[in-house]
1. Going by the structure shown, is B:R476 over 18 Å from C:V49 (Cβ atoms), facing another protein chain (nearest Cβ under 9 Å) and in contact with a Lys or Arg (Cβ under 8 Å, 6 or more places away or on another chain)?
2. Just a yes or no: is a residue in the range A:81-89 within 14 Å of chain B (Cβ to nearest Cβ) and open to solvent by 50 Å² or more (accessible area, probe 1.4 Å)?
3. From the list A:A62, A:A39, A:A44, pick out the single residue that is surrounded by fewer than 21 Cβ atoms within 10 Å (Cβ to Cβ), hydrophobic (A, V, I, L, M, F, W, C) and not in a helix (DSSP H, G or I).
4. Loosely packed, with under 15 Cβ neighbours inside 10 Å and either in contact with a Gly (Cβ under 8 Å, 6 or more places away or on another chain) or among the basic types (K, R) (or both): does that describe B:P372?
5. Out of all the residues in the range C:297-315, which are open to solvent by less than 10 Å² (accessible area, probe 1.4 Å) and within 12 Å of chain B (Cβ to nearest Cβ)?
6. If I filter the range B:32-61 down to residues being of a type in the set (A, V, I, L, M) and either open to solvent by 60 Å² or more (accessible area, probe 1.4 Å) or within 25 Å of the chain's Cα centre (by Cα) (or both), which single residue comes out as farthest from B:G216 (Cα to Cα)?
7. Taking strands (runs of 3 or more DSSP E) that fall entirely within the range B:248-354, which contain at least 2 residues that are within 14 Å of another protein chain (Cβ to nearest Cβ) and touching a residue at least 12 places away in the same chain (Cβ under 8 Å)?
8. Please state which of the following conditions C:I274 fails to meet, knowing it meets all the rest: (1) over 20 Å from C:V190 (Cβ atoms); (2) within 14 Å of chain B (Cβ to nearest Cβ); (3) touching a Leu at 6+ places or on another chain (Cβ under 9 Å).
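The values are calculated or read from the model by the stated rules, or taken from the named source; none is laboratory data. For clarity, every value in this text was computed on a predicted model and none was experimentally measured. Cβ atoms come from the backbone with ideal geometry, glycine included; neighbour counts cover every protein chain shown. Only protein heavy atoms, including side chains, enter the accessible area calculation; ligands, DNA and RNA are left aside. Shrake-Rupley method; radii C 1.70, N 1.55, O 1.52, S 1.80 Å.
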Amino acid sequence: MSERLDVRKTYKLLVGGAFPRSESGRSYEVVDANGLFLANVAQASRKDVRDAVVAARSAQRAWWSLTPYNRGQVLYRLAEMAEARAGELSEQVGRAEGTRAGEARASVGRSIDRLVWYAGWCDKVGQVLGGQNPVAGPYFNFSVPVPSGVVGVLADQDSSLEAFVDAVAAPLATGNAVVALASEARPIPAVLLGEMSATSDLVAGALNVLTGRTGEIAPVIASHEDVDGLDLTGADDDFAGELGALAAETVTRVLRGADPQDRGLKRLRAFVETSTVWHTIGQ
Amino acid sequence: MDDAPASTLSALEYDPAPESAALARLRERYGLFVGGAFVEASDGATFETLNPATEEPLAHVARAGDADVAAAVAAARRAYDKVWRKTSGAQRAKYLYRIARLIQERSRELAVLESLDNGKPIRESRDVDVPLAAAYFFYYAGWADKLDHAGFGPDPRPLGVAGQIIPWNFPLLMAAWKLAPALAAGNTCVLKPAETTPLSALALAEILQQAELPDGVVNVVTGDGSTGAALVASPVDKVAFTGSTEVGKLIQRRVAGRPIRLTLELGGKGANIVFDDAPIDEVVEGIVDGIFFNQGHVCCAGSRLLVQESVAEEVLRRLRRRVDQLRVGDPLDKNTDVGAINSAAQLEKIRELTAFGEREGATRYTSPCALPERGYWFAPTVFTDVAQTHRIAREEVFGPVLSVLTFRTPEEAVAKANNTTYGLACGVWSEKGSRTLWVAERLRAGVVWANTYNRFDPASPFGGVRESGFGREGGRHGLEAYLDV
Amino acid sequence: MVEVSPAPLRLVVDDERALRPRPGASVPVVESEVQLRALLRALSGVDAVGAEARAAKLATRSLKRETKRAAIDLALSMVDLTTLEGADTPGRVASLCAKARRPDPEEPDTPTVAAVCVYPDLVSTAKTHLAGSGVRVASVATAFPSGRASRAVKLLDVADAVVAGADEVDMVIDRGAFLAGRLGEVFDEVVAVREACGPAHLKVILEVGELVTYDNVRRASWLAMLAGADFIKTSTGKVAVNATLPTTLVMLEAVRDFAESTGRLVGVKAAGGIRTTKEALRYLVVVNETAGSAWLDPALFRFGASSLVNDLLLQRRKQRSGAYARPDRISVD
């Protein structure tokens, strides 16, 4: 008797809530930390970026129009889904990063807790980052944080899940939509998180996950005029400078990177704009 | 309309659409919840809780005496010292998220139970009380691991053991308002529900068990005023009370001089101020929501309508028509707008004050709705020709009774609205934002609603000024009540 | 400005709770655009949050048993069974008329619908097929649905429908003129169409999806009523947003207040997007609790719909047999 043959999964892109293979039909080989074959992962093209940004733009309005409480529930639901599939995530994080099972599980646990942390921020950033401004005059003046819009994320190249969660959950929590390019060599955990997001009531298109060649795709995202914010965590210094220059053409907000262990608000503040309202006070 | 042929409706006389009482999973007896387990009172004492809509007993509930309260406080102290103070914010958050989810999962059961025990319409317990209770847990869950960012400096510490006494008007929701911020901040709790509405807090205790909240972190002691007094006299670090101003003052005296932090959410006599440029149809709905929501058993009820003289007649005409439409009756009927008065004692108090209103010369209008024969009922009532000196304009009726006064200028409206010892909530109705803000700035009230009334949200602070109490529940501000800051 | 003679007093309601006109009530004669503007400006604004909350609350009403059975029949009798497609043919209209006469042949006591609604060139076909049935023929006109044609063309369109025998005419207002503030122009056009209608009833389509705000809906409702509309109608069914519950609520408030201040009862027609029994019953609840029981009558409330009828018929069977019916039992028209 032969052993049961496993059914293997095709890892595809997540664009606008659907899972296309790359529009280009290309794929590339992803290997584990020991160089053993893992999967042929979809290799996104410029046109996939275009489609993802269009999807994100339209989803951002819907995502931001939900109540903050609702957005928190959705991100928490994503944490629930990740917890339910923690075994699968751990296995893929371990293989991608070459860590032992216990370490991979711990990393997945921290990733899920991070999602929970951000879920709680959705209905709190307004109070923490906004407030009344005591202007001198008969005006009621207040400031509220509003999302920048569509945020392009170049995910960390080493930390396949933890850093990815940190980079996408923060802008989602503040009401942005995200087009994320997963780690080139270790994309599978990010693809899995994308799959889970599709069963978490997340507005389709609010999170788009692309896999492919960073050198090819990152400049397309950075130079895209309809991208409002750019997280360059996954680029080295030289490349980040190049991408930053492209982003400057449309005054895109750039985050150079932030430590996922940091419990500060750097990532939350990176892609919000302060919107201030003046209103007269009088009989 | 009764003889109208069914095929050509002359009016939609809604057939009864009742929820099944069986959904509440009522038990015959309920124990105290101490140290993670349900126990009898040490002296075996119990009391009955009634369905105010039928006057029939629902269940026997343990009556906590001094020893039981002491045991509950000791359990909370142990849980604080041994477990909860050492539990990280992220862990506390996860417990609270679990509780929020369990409330959502059991929402229908909780809604029916609440309507049975309290008398409020199922539409309100289903659409307001229960979802909001879950929302408060969900919201404060998110704070548990973010206290550093709440604006109270780095690493704010909890107070310790909190004794929390809640009223009968929103039994489950008030439990959530008290427990969620306390637990998020790292305190342990002894909760004392109202005598006439103990059941939903005990159902919540079951939920805490399902959430595997560590034993003793939350304890529930049921009983009457003496149970509450014992709790206030206990070695707790914090007392939080929601209820009447009279009892609030008593508690403040009792804790005076002791190292106890206190927050009080007391009575009110909210003014709902209507200017002549207000959106009139929504005004009428707002007045109705303001005073007839939850049978007027709302501390922040808009029990005084202040309407600009130029539109008074028009507003009152429309208001009467709307009041006549209110459907009073079976709380479990999904089409009921106004349910039962919570207790015989409360009904008596409402009757006394309204009788006084008539004696003092106010004009009474009562909805012609039919009332059930058994149970505690009071038809929606509007008093016009009310003067500032009348008792119904000054005292909290805590029932479906509205007092109408008029004003001519914004200054007069503010003066009349502030002419009370209370200061919980007010409403302002105008399409002119500038004037609304001008009035809001001058109103002495903890909450001002503009073009709406009786809105609650976990992200928004709620609480009063002056004799309506101090301390805030909800929002970032609500954490302060449970932090040593 | 064209003068409008005050409409006849039609308030015949003996219901205790129904509203009565105030003493001396009559429809004001509008003599100038300035006066019209003042009349409309004096209307109270609508708070969108409050209006939507009210509609949502009413939508939680639960109709059971006898109320539900009666409400389904009432809803059926209020339907303007509609076909307004470029591909309409005499054959299509004929089969729709057959459906209107006998919506459910297996259940002979099923009420007929109120009217069949078609384009002007198919009025005579509909008229022929509905002869003797009591079902009225409604025709859209005035360059429906955009209304972008000259006054003369619109009036010819109306005349065409009336000559062909239309009992009811559904006109569209000039939203462009309304939004640009040329209220007198909009008013005059309704008055002119009213006259061209002769004995036919006039339904004035506001196209609420293009007016966007509730304040506009309220003002346009009053404008149409002051100009002599027999009905005010939400939508053409041809734009992205059609009838909604809160919009209909605002229009029902308008007809109620208009009746109270003028003594004239105007009907409301909710059109477009109402497909299920559940939605239709929600509208009836809003009618009942806003305008009152007098409006629970096909003479004063209509649904403009096509697929709604089949769902009403399915639910009607369910109410009678207790079992959910198979959609194939109902004719596809």
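1. Answer is yes for this residue.
2. yes
3. Just a single option satisfies the conditions, and that option is A:A39.
4. yes
5. Scanning the range C:297-315 gives a single hit, C:F301.
6. B:A53
7. The strands (runs of 3 or more DSSP E) meeting that bar are B:271-274, B:304-308.
8. (2)
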